[in-house]
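Asker: Handing you this structure, nothing more for now.
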Amino acid sequence: MSGLRLMAVHAHPDDESSKGAATMARYAAEGNEVLVVTLTGGERGDILNPAMDIPGVRERMSDVRKEEMAAAAAILGVRQTWLGFVDSGLPEGDPLPPLPEGCFALVPLEESTEALVRVVRDFKPHVMTTYDEKGGYPHPDHIRCHEVSVAAYEAAGDPEQLPGTGEAWEVSKLYYSHGFIRQRMQLFDDEMIAAGQEGPFTEWLAQWPKDRGEIMERVTTQVECADYFQQRDDALRAHRTQIDPNGRFFAVPVDVQKKLWPTEEYELARTRVRTSLPETDLFAGIES
């Protein structure tokens with residue numbers, strides 16, 4: 001496999017390392033070009049690692065997130081670019097407060113789509129990955145990321161749309177990345193409890209919405225990438241303000257994950273090439 005290009009579109013820095021990171025690391029290691037497009041700067045992200053909640057960090061959060069992103073991209077062996085929009089933050093409360101003026105989720109869809117189409121037409125990816133219609137979880141930037149990605153996938157290949165943003169380029173396939181999979185969490189939780197340890201996902205599983213269903217029913221494509229799980233975790237740890245190295249993300253040993261669930265999961269949402277489901281390769285049906 002060579003000469004193929006994968007573009008992963010994400011809402012914030014750190015999303016690329018928690019959603020499909022091992023897949024990207026694998027494809028990059030195999031000689032393909034991989035580009036992460038980060039739509040916002042993550043400026044409104046909380047400090048979730050107590051060790052980083054120190055004087056001077058919040059004051060330069062924008063620069064810190066850029067430094068973290070650069071470190072994570074280097075670990076994964078991928079390129080990365082910023083689209084330049086401002087993090088919307090995760091509104092909390094009942095009722096929810098209004099979103100901040102000028103934030104990404106409030107930018108007109110036409111404007112953010114044009115910005116992403118410009119990158120698509122420049123990089124010319126064969127495959128794009130993004131989030132599903134619920135954003136993976138209901139963060140306003142994640143939902144907008146889905147909307148922008150789908151709109152850009154459709155518009156980039158149409159020479160009549162958005163003149164001045166480069167030569168039209170048809171992306172062959174668009175996937176939704178699925179990471180929060182109940183079946184996977186249950187499997188890991190059961191394994192840890194059987195080993196006499198605390199189940200890292202017991203609380204999450206108990207609170208799982210009854211109407212959420214099992215996302216595995218939507219999965220069309222499972223990419224084997226266990227050999228890159230350590231790179232994925234190292235990249236995630238590089239986002240030091242966002243990830244607690246002692247948190248539940250790292251509670252299940254990599255060797256256990258490799259044994260029980262060696263893949264990352266995707267849903268083929270759009271395709272312009274013929275392929276056979278289920279798949280084991282995001283580039284299935286594409287010729288370099």
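The values are calculated or read from the model by the stated rules, or taken from the named source; none is laboratory data. Because the structure is a prediction, the values reported are computed rather than measured. Every residue, glycine as well, gets a Cβ built from its backbone with ideal geometry; the counts of neighbours run over all protein chains shown.
Asker: Do the conditions hold for residue 160, that is, is it of a type in the set (D, E, K, R), at pLDDT below 95 and not in a helix (DSSP H, G or I)?
Answerer: Numbers: of a type in the set (D, E, K, R): yes; at pLDDT below 95: no; not in a helix (DSSP H, G or I): yes.
Spelling it out, it is not the case that residue 160 is of a type in the set (D, E, K, R), at pLDDT below 95 and not in a helix (DSSP H, G or I).
Asker: May I pose another question? For residue 232, all conditions in the list (1) among the basic types (Lys, Arg); (2) in a loop (DSSP other than H, G, I, E, B); (3) closer than 27 Å to residue 49 by Cα hold save one; what is the number of the exception?
Answerer: Of the numbered conditions (1) among the basic types (Lys, Arg); (2) in a loop (DSSP other than H, G, I, E, B); (3) closer than 27 Å to residue 49 by Cα, the odd one out for residue 232 is (2).
Asker: Sticking with this one: Give the number of residues within the range 188-223 that are outside any helix (DSSP H, G or I), surrounded by 15 or more Cβ atoms within 10 Å (Cβ to Cβ) and under 20 Å from the mean Cα position of the chain (by Cα).
Answerer: Residues in the range 188-223 being outside any helix (DSSP H, G or I), surrounded by 15 or more Cβ atoms within 10 Å (Cβ to Cβ) and under 20 Å from the mean Cα position of the chain (by Cα): 6 in total.
Asker: Got at least one residue in the range 244-257 being modelled with pLDDT of 95 or more, among the charged types (D, E, K, R) and either under 30 Å from residue 154 (Cβ atoms) or more than 17 Å from the chain's Cα centre (by Cα) (or both)?
Answerer: First, the residues of the range 244-257 that are modelled with pLDDT of 95 or more: 252-257.
In the following step, the residues that additionally are among the charged types (D, E, K, R) were identified as 255.
Subsequent filtering for residues that are either under 30 Å from residue 154 (Cβ atoms) or more than 17 Å from the chain's Cα centre (by Cα) (or both) retains 255.
Yes: one or more hits.
Asker: On to the next question. Is it the case that the range 19-39 has a residue that's outside any helix (DSSP H, G or I), hydroxyl-bearing (Ser, Thr, Tyr) and more than 18 Å from residue 280 (Cα to Cα)? Step through it out loud before you land on a result.
Answerer: Taking the range 19-39 as the starting set, the residues that turn out to be outside any helix (DSSP H, G or I) are 19-20, 30-39.
Narrowing further to those that are hydroxyl-bearing (Ser, Thr, Tyr): 38.
Those left that are additionally more than 18 Å from residue 280 (Cα to Cα): 38.
Within the range 19-39, one or more residues are outside any helix (DSSP H, G or I), hydroxyl-bearing (Ser, Thr, Tyr) and more than 18 Å from residue 280 (Cα to Cα).
Asker: Which one is surrounded by the fewest Cβ atoms within 10 Å (Cβ to Cβ) among residues in the range 231-253 that are closer than 20 Å to residue 195 by Cβ and in contact (Cβ under 8 Å) with a residue 24 or more places away in the chain?
Answerer: First, the residues of the range 231-253 that are closer than 20 Å to residue 195 by Cβ: 233, 246-253.
Going one step further and asking which of them are in contact (Cβ under 8 Å) with a residue 24 or more places away in the chain, we end up with 247-249, 251-252.
Details: 247: 12, 248: 16, 249: 15, 251: 16, 252: 22.
Filtering the range 231-253 for residues that are closer than 20 Å to residue 195 by Cβ and in contact (Cβ under 8 Å) with a residue 24 or more places away in the chain, the one surrounded by the fewest Cβ atoms within 10 Å (Cβ to Cβ) comes out as 247.
Asker: Here is a further query. Can you give me the number of residues within the range 112-143 that are part of a helix (DSSP H, G or I), within 13 Å of the chain's Cα centre (by Cα) and in contact (Cβ under 8 Å) with a residue 40 or more places away in the chain?
Answerer: Step one: list which residues in the range 112-143 are part of a helix (DSSP H, G or I), which gives 112-123, 140-143.
Now narrow it down to the ones that are within 13 Å of the chain's Cα centre (by Cα): 141-143.
If we keep only those that are in contact (Cβ under 8 Å) with a residue 40 or more places away in the chain as well, we get 141-142.
Result for the range 112-143: 2.
Asker: Kindly indicate whether residue 275 is over 26 Å from residue 42 (Cβ atoms), surrounded by fewer than 16 Cβ atoms within 10 Å (Cβ to Cβ) and of a type in the set (S, T, N, Q). Don't jump to the end; show me each part of the working.
Answerer: Numbers: over 26 Å from residue 42 (Cβ atoms): yes; surrounded by fewer than 16 Cβ atoms within 10 Å (Cβ to Cβ): no; of a type in the set (S, T, N, Q): yes.
So residue 275 does not fit the description; no.
Asker: If we keep just the residues of the range 117-136 that are out of contact with any Ser or Thr (no Cβ under 6 Å at 6 or more places or on another chain) and over 20 Å from residue 4 (Cβ atoms), which is surrounded by the fewest Cβ atoms within 10 Å (Cβ to Cβ)?
Answerer: 133
Asker: Quick one: which of 84, 77, 93 is at pLDDT below 95 and either surrounded by fewer than 20 Cβ atoms within 10 Å (Cβ to Cβ) or touching an Asp or Glu at 6+ places or on another chain (Cβ under 9 Å) (or both)?
Answerer: On the way: 84 fails: at pLDDT below 95; 77 fails: at pLDDT below 95.
Only one candidate qualifies: 93.
Asker: What number of residues within the range 55-104 satisfy the criterion of being assigned to a loop (DSSP other than H, G, I, E, B), under 24 Å from residue 118 (Cα atoms) and among the hydrophobic types (A, V, I, L, M, F, W, C)? Lay out the reasoning, then the answer.
Answerer: Of all residues in the range 55-104, those assigned to a loop (DSSP other than H, G, I, E, B) come to 55-57, 77-78, 86-103.
Adding the requirement that they be under 24 Å from residue 118 (Cα atoms) leaves 77-78, 86-88, 102-103.
Then keep just the ones that are among the hydrophobic types (A, V, I, L, M, F, W, C); that gives 78, 86, 103.
So the count comes out to 3.
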